[in-house]
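A short write-up of the structure that comes next.
The values are calculated or read from the model by the stated rules, or taken from the named source; none is laboratory data. All values reported here derive from a predicted model rather than from experimental measurement. Please note: Cβ atoms are built from the backbone with ideal geometry, for glycine as well, and neighbour counts cover all protein chains shown.
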Ligand code: ZN
């Protein structure tokens, strides 16, 4: 089966990647645009879309929070973001009407989760979690091959993990202090250690708290009963392979033998590194576009 040609947009907080292709083996063009203000950035994206031809759908994976309910008046909008100038910005509808093709729209994390599911580290499972640990911590949950879109996209980056004994550091999240993101994101690590994560030695004591907090997230993810694999990527996870054994060990200890699903064993195959690296997001945008071309499947009737 030939995959359709898709225009994909990964709109990130610092840069926007426009990609024309049908999958990792067929990328025709990639254009990087700095994310500045909405008018400038979206006009530059429109110029790229106007130059491209032959694509059948548009897939957008955007930084959030985003409105992902197709029935909402603000579907396709970035909502109340901390990024200056971008709150309540129409991204999806504006670009889709410019391109005049079907639109697939979701968060950048959901996009990356779908990319890893289609072409990356979760190809052989229908249910998985994708965790990105970088400037923030984002989680994409995929169940039965689809993102778990209900009330909103998952916001599990802000759960409040059980603290390490004796650790009372206040944390770095402006909303919650010592939530997961406030303890284990790149900025949190920098705030705590006084230098960026990539400059920290493997035996720096800060890593123990980071691994502990991320294992608490993995514990929570297991308890949702959804993911058959947890794929972890993002700037903090890339280049720190020593974190993976620590997270796995702490996850097993934290669960205390309670969940005995065969898919959890061995844990080395359960908590794994992302496979697509920086391409998970742009490829995820392509996957969102491919999905926009499918007939709408409903498992229930809305009365
Ligand atoms: Zn928080």
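Kindly indicate whether residue 235 is part of a loop (DSSP other than H, G, I, E, B) and either crowded, with 20+ Cβ neighbours inside 10 Å or away from the ligand (no atom under 16 Å from the Cβ) (or both).
yes
Given the residues 59, 76, 85, which is the only one that is crowded, with 16+ Cβ neighbours inside 10 Å and free of Cβ contacts under 8 Å to residues at least 60 places away in the same chain?
76
Residues 200, 255, 276: which one is more than 16 Å from the ligand (Cβ to nearest atom), buried (at least 16 other Cβ atoms within 10 Å of the Cβ) and free of Cβ contacts under 8 Å to residues at least 24 places away in the same chain?
The unique qualifying residue is 200.
What do you reckon, is residue 213 over 29 Å from residue 69 (Cα atoms), part of a helix (DSSP H, G or I) and within 14 Å of the ligand (Cβ to nearest atom)?
Yes.
Suppose we keep only residues that are in a strand (DSSP E or B) and surrounded by fewer than 21 Cβ atoms within 10 Å (Cβ to Cβ) within region 136-192. Which one would you say is nearest to the ligand (Cβ to nearest atom)?
This residue is 177.
What number goes with the only condition from (1) closer than 16 Å to residue 287 by Cβ; (2) touching a residue at least 12 places away in the same chain (Cβ under 8 Å); (3) loosely packed, with under 15 Cβ neighbours inside 10 Å that residue 19 does not pass?
(3)
Please go through region 87-113 and pick out each residue that is in contact with a helix residue (DSSP H, G or I) (Cβ under 6 Å, 6 or more places away or on another chain) and in a loop (DSSP other than H, G, I, E, B).
Of everything in region 87-113, just one residue is in contact with a helix residue (DSSP H, G or I) (Cβ under 6 Å, 6 or more places away or on another chain) and in a loop (DSSP other than H, G, I, E, B), namely 102.
Which residue out of 229, 248 is closer than 23 Å to residue 186 by Cα and at pLDDT 95 or above?
Just one listed residue meets the conditions, 248.
When you go through 127, 100, 69, 90 one by one, which is the residue that is modelled with pLDDT of 95 or more, away from the ligand (no atom under 16 Å from the Cβ) and assigned by TED's automatic domain parsing to the domain that holds residue 13?
None of the other options fit; the residue is 90.
Kindly indicate which of 217, 243, 288 is under 30 Å from residue 14 (Cα atoms), buried (at least 17 other Cβ atoms within 10 Å of the Cβ) and in the same structural domain as residue 104 (by TED's automatic domain parsing).
Just one listed residue meets the conditions, 288.
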